[in-house]
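K.L.:
Mind having a look at this structure? Questions to follow.
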Amino acid sequence: MSTSLSHPLSAQNIETRAKIHANLSSAELTEHALANGEGRRAKHGPLVVETGKHTGRSAKDKFIVRDSETEDTVWWDNNASMTSEHFAALKADFLAAVADRETLYVADLFGGSQPEYRVNVRVINELAWHNQFIRTLLVRPTEAELDGFVPEYTIIDLPSFRADPERHGCRSETVIAVNLSEKLILIGGTKYAGEMKKSVFGVLNYLLPTKGVMPMHCSANIGPDGKSAVFFGLSGTGKTTLSADASRTLIGDDEHGWSDTAVFNFEGGCYAKMIRLDPEAEPEIYATTRMEGTVLENVVMDENGEIDLDDNTLAENTRGAYPLSSIPNTSEENLGPPPSNVIMLTADAFGVLPPIARLTPEQAMYHFLSGYTAKVAGTEIGVTEPEATFSTCFGAPFMPRHPSVYGNLLKKRISEGGAQCWLVNTGWTGGKYGVGQRMPIKATRALLNAALDGTLGDAEFRRDPNFGFDVPVSVPGVDDAILDPRSTWADKEEYDRTARKLVQLFIDNFAPFADHVDQGVRDAAPSTPVAA
């Protein structure tokens, strides 16, 4: 049964002849999606949908309106701009399209779990499954909170809309336009539902720093000792796997805020990659693929309703959206105490970095702004040289403000809260990719557990000659040799050459940030190593 809205459809006073289905349950939205032909039900309950040609974010089609509000606050080197005039034309055409709809789905939701820092978001969709997705991914208000709910931000998501680059000042028929002054986000020409959640993440990334809250693209959990940890890391570094520890309570897997009193999840659900999901390695996530309420994007399903998580025919980026409550041992409040440990994960395919290193607040800010990992080069035959990837703040695409804003805030939080910071390398040892081998997961877990329970702080440390951070010399249960990357290489001179190359990549990447940080952070930069 549809519920009424306690406020006009949006702050923009949208007029429409559509039948509005507001704040439906997940089960009701699934039934609407099935009735509308938007997807099919898998044998074990999930809704299976296809997103068409857009199977991931359309980063080049996202724009922020450049006006007096944003001119001096947005990092324009990283964010494409749209004029107010172009947005006005786009808004007029969106409202005309909305007015012509016969059915609309509306959800009133929170971005953020800590009440004093959350934002009220109203999402208007033409597709029922999109409304189910965002209802799953954001935080759902209680019935009492829905009574009198007033939206601060409005998202209108119309996949059937086709933008006009000349009229709307965009790049293609696909558009994601964010107007921070009008508090309105318009998404058209794409069925990829992740655009909605990332738009809310971007809004919180813009708003929270002015309130002293650190927004983070990270996972977070709580240990048996009641202490929280956050895990930064780009794709392929093990962020989801290492934070999903059965002995620890999961706060969330993707987006969080760090306030004076808590680390809190921005979301009420998870949006996990499903391609080649291993039921033995990740049983909790696998179980969600057999639950009602889960939405599976671009997962291949046969005529009998059986899904095949190994089939990438529709997309490599297959995804599943499910409530956080689907995972056992999760935080009921969706938050925990301020973090005692900050983990920065990297998969160094150059084989240079140690498996774990202790960072000072200045070094933590340096590596946070660097956002480093390394991947194996492409698929070209014979090419095995690693490629460095730097994504500042471990989430550059979602950062509307300059990285120094987030970096300085992180440094302040670490210094004032006394959090211990660690750089954990899940990449290669004994040589670069193609020569060495992947860091043993057993060793990584042993080192990480020692860091989180505090015992690693009692170890003997040495100063790394390349990066200047502290590296443990010996840790129980871990081969001492693996802690010294150079010693694992058969060709020590080749290690030194590779280390010099990686150091230079860091230095070159950090150059644009140097004028925006203090001398202590600049001094945290690596230096050219001298062969032992």
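The values are calculated or read from the model by the stated rules, or taken from the named source; none is laboratory data. Everything numeric here is computed off the predicted structure, so don't read it as measured data. Cβ sites come from the backbone with ideal geometry, for glycine too, and all protein chains shown count toward neighbours. Quick note on the areas: whole protein, heavy atoms, side chains included, nothing else; ligands and nucleic acids left out. Shrake-Rupley method; radii C 1.70, N 1.55, O 1.52, S 1.80 Å.
K.L.:
Which members of region 244-262 meet the condition of being touching a Ser or Thr at 6+ places or on another chain (Cβ under 6 Å) and not in a loop (DSSP other than H, G, I, E, B)?
P.N.:
T249, L250, I251 - these are the residues of region 244-262 that are touching a Ser or Thr at 6+ places or on another chain (Cβ under 6 Å) and not in a loop (DSSP other than H, G, I, E, B).
K.L.:
Of E143, E166, E126, which residue is touching a Pro at 6+ places or on another chain (Cβ under 9 Å), surrounded by fewer than 24 Cβ atoms within 10 Å (Cβ to Cβ) and either closer than 18 Å to G293 by Cα or free of Cβ contacts under 8 Å to residues at least 60 places away in the same chain (or both)? Quick ask: steps written out before the conclusion?
P.N.:
Values: E143 fails: touching a Pro at 6+ places or on another chain (Cβ under 9 Å); E166 fails: touching a Pro at 6+ places or on another chain (Cβ under 9 Å).
Just a single option satisfies the conditions, and that option is E126.
K.L.:
Which of the residues belonging to region 335-354 are open to solvent by 20 Å² or more (accessible area, probe 1.4 Å) and either within 30 Å of E494 (Cα to Cα) or assigned to a loop (DSSP other than H, G, I, E, B) (or both)? Before you say what the answer is, go through the steps one by one.
P.N.:
To start, the set of residues in region 335-354 that are open to solvent by 20 Å² or more (accessible area, probe 1.4 Å) comprises 335, 337-338, 340.
Those that are open to solvent by 20 Å² or more (accessible area, probe 1.4 Å) and either within 30 Å of E494 (Cα to Cα) or assigned to a loop (DSSP other than H, G, I, E, B) (or both): P337, P338.
K.L.:
So T261 fits all but one of (1) of a type in the set (V, I, T); (2) under 22 Å from M216 (Cβ atoms); (3) buried (at least 16 other Cβ atoms within 10 Å of the Cβ); what number is the exception?
P.N.:
(3)
K.L.:
Do we find that D491 is in contact with a Leu (Cβ under 9 Å, 6 or more places away or on another chain) and either over 30 Å from D225 (Cβ atoms) or charged (D, E, K, R) (or both) in this structure? It would help to see each step written out before you state the result.
P.N.:
Numbers: in contact with a Leu (Cβ under 9 Å, 6 or more places away or on another chain): no; either over 30 Å from D225 (Cβ atoms) or charged (D, E, K, R) (or both): yes.
When the stated conditions are applied, D491 does not pass them.
K.L.:
Sticking with this structure for a sec: Please specify each residue of region 467-524 satisfying the condition of being in contact with a helix residue (DSSP H, G or I) (Cβ under 7 Å, 6 or more places away or on another chain), closer than 23 Å to Q420 by Cα and of a type in the set (S, T, N, Q).
P.N.:
S474
K.L.:
For region 485-498, enumerate the residues that are open to solvent by 60 Å² or more (accessible area, probe 1.4 Å) and not in a helix (DSSP H, G or I).
P.N.:
Applying the first criterion (open to solvent by 60 Å² or more (accessible area, probe 1.4 Å)) to region 485-498 yields 490-493, 497.
Those that are open to solvent by 60 Å² or more (accessible area, probe 1.4 Å) and not in a helix (DSSP H, G or I): A490, D491.
K.L.:
Then there is this: Looking at region 162-170, can you tell me whether even one residue there is within 30 Å of L410 (Cα to Cα) and not charged (D, E, K, R)? Break it down into steps so the answer makes sense when it comes.
P.N.:
Of all residues in region 162-170, those within 30 Å of L410 (Cα to Cα) come to none.
No: zero hits.
K.L.:
Does region 269-283 contain at least one residue that is crowded, with 24+ Cβ neighbours inside 10 Å and not in a loop (DSSP other than H, G, I, E, B)?
P.N.:
Within region 269-283, one or more residues are crowded, with 24+ Cβ neighbours inside 10 Å and not in a loop (DSSP other than H, G, I, E, B).
K.L.:
Shifting gears a bit: All but one of (1) of a type outside the set (G, A, S); (2) crowded, with 19+ Cβ neighbours inside 10 Å; (3) touching a helix residue (DSSP H, G or I) at 6+ places or on another chain (Cβ under 9 Å) hold for L452, so report the exception by its number.
P.N.:
Exception for L452: condition (3).
K.L.:
A further question follows. Can you find, within region 351-369, the residue that is farthest from the chain's Cα centre (by Cα) among those that are among the aliphatic types (A, V, I, L, M) and closer than 20 Å to T444 by Cβ?
P.N.:
So in region 351-369, the residues among the aliphatic types (A, V, I, L, M) come out as 352-353, 356-357, 359, 364-365, 369.
Imposing the further condition that a residue be closer than 20 Å to T444 by Cβ reduces the set to 352-353, 356-357, 359, 364.
Details: V352: 26, L353: 24, I356: 23, A357: 24, L359: 23, A364: 19 Å.
Going through the qualifying residues, I end up with V352.
K.L.:
While we're looking at this one, here's another question. What number of residues within region 208-235 satisfy the criterion of being open to solvent by less than 10 Å² (accessible area, probe 1.4 Å) and in a strand (DSSP E or B)?
P.N.:
Number satisfying all stated conditions: 12.
K.L.:
Is region 458-468 home to any residue that is modelled with pLDDT under 95, over 12 Å from I356 (Cα atoms) and assigned to a helix (DSSP H, G or I)?
P.N.:
Yes, the conditions are met somewhere in region 458-468.
K.L.:
Kindly provide the set of residues from region 256-284 that are modelled with pLDDT under 95 and among the acidic types (D, E), ordered by number.
P.N.:
The answer is D278, E280, E282, E284.
K.L.:
Among (1) assigned to a loop (DSSP other than H, G, I, E, B); (2) in contact with a Leu (Cβ under 8 Å, 6 or more places away or on another chain); (3) free of Cβ contacts under 8 Å to residues at least 40 places away in the same chain; (4) not acidic (D, E), where does I14 come up short?
P.N.:
For I14, the exception is condition (3).
K.L.:
So, one more: Among the residues of region 421-478, how many are charged (D, E, K, R), more than 26 Å from the chain's Cα centre (by Cα) and within 23 Å of I222 (Cβ to Cβ)? Give the steps one after another, and end with the answer.
P.N.:
At the first step, the residues of region 421-478 found to be charged (D, E, K, R) are 432, 438, 442, 445, 453, 458, 460, 462-464, 470.
In the following step, the residues that additionally are more than 26 Å from the chain's Cα centre (by Cα) were identified as 432, 458, 460, 462-464, 470.
Now restrict to residues that are within 23 Å of I222 (Cβ to Cβ): 458.
Number of matching residues: 1.
K.L.:
Condition first: in contact with a strand residue (DSSP E or B) (Cβ under 6 Å, 6 or more places away or on another chain) and part of a loop (DSSP other than H, G, I, E, B). Now tell me which residues in region 155-188 satisfy that. Full working, then the answer.
P.N.:
At the first step, the residues of region 155-188 found to be in contact with a strand residue (DSSP E or B) (Cβ under 6 Å, 6 or more places away or on another chain) are 155-158, 161, 163, 169, 175-179, 183-188.
Of everything in region 155-188, those that are in contact with a strand residue (DSSP E or B) (Cβ under 6 Å, 6 or more places away or on another chain) and part of a loop (DSSP other than H, G, I, E, B) turn out to be F161, A163, G169, K183.
K.L.:
Just the residues that are within 26 Å of the chain's Cα centre (by Cα), in contact (Cβ under 8 Å) with a residue 12 or more places away in the chain and more than 18 Å from G427 (Cβ to Cβ), please, taken from region 479-511.
P.N.:
Of everything in region 479-511, those that are within 26 Å of the chain's Cα centre (by Cα), in contact (Cβ under 8 Å) with a residue 12 or more places away in the chain and more than 18 Å from G427 (Cβ to Cβ) turn out to be I507, F510.
Per-residue answers, yes or no, for (1) farther than 30 Å from G320 by Cα; (2) touching a residue at least 24 places away in the same chain (Cβ under 8 Å):
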{"site": "D72", "(1), (2)": "yes, no"}
{"site": "N79", "(1), (2)": "no, yes"}
{"site": "D93", "(1), (2)": "yes, yes"}
{"site": "F110", "(1), (2)": "no, yes"}
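K.L.:
Among the residues of region 499-520, what is the count of those that are out of contact with any Pro (no Cβ under 9 Å at 6 or more places or on another chain) and open to solvent by less than 70 Å² (accessible area, probe 1.4 Å)?
P.N.:
7
K.L.:
Would you please name the residue that is nearest to A27 (Cα to Cα), looking only at residues in region 261-295 that are under 18 Å from the mean Cα position of the chain (by Cα) and among the hydrophobic types (A, V, I, L, M, F, W, C)? Can you show your working first?
P.N.:
Of all residues in region 261-295, those under 18 Å from the mean Cα position of the chain (by Cα) come to 263-275, 285.
Checking the rest, the ones that are also among the hydrophobic types (A, V, I, L, M, F, W, C) come to 263-264, 266, 270, 272, 274-275, 285.
Details: V263: 31, F264: 27, F266: 23, C270: 18, A272: 20, M274: 22, I275: 25, I285: 20 Å.
Among those residues, the one meeting the criterion is C270.
K.L.:
Separate question: Can you name the residue in region 412-444 that is of a type in the set (D, E, K, R) and surrounded by fewer than 22 Cβ atoms within 10 Å (Cβ to Cβ) and, of all such residues, is farthest from T237 (Cα to Cα)?
P.N.:
Our first condition is that a residue be of a type in the set (D, E, K, R); within region 412-444, this holds for 412-413, 416, 432, 438, 442.
Still in the list and also surrounded by fewer than 22 Cβ atoms within 10 Å (Cβ to Cβ): 412, 416, 438, 442.
Numbers: K412: 26, E416: 28, R438: 11, K442: 15 Å.
Only one residue fits best here, namely E416.
K.L.:
Mind listing whichever residues of region 288-309 are under 16 Å from A321 (Cα atoms) and buried (at least 16 other Cβ atoms within 10 Å of the Cβ)?
P.N.:
T288, T289, G293, T294, V295, L296, E297, N298, V299, V300, I307, L309
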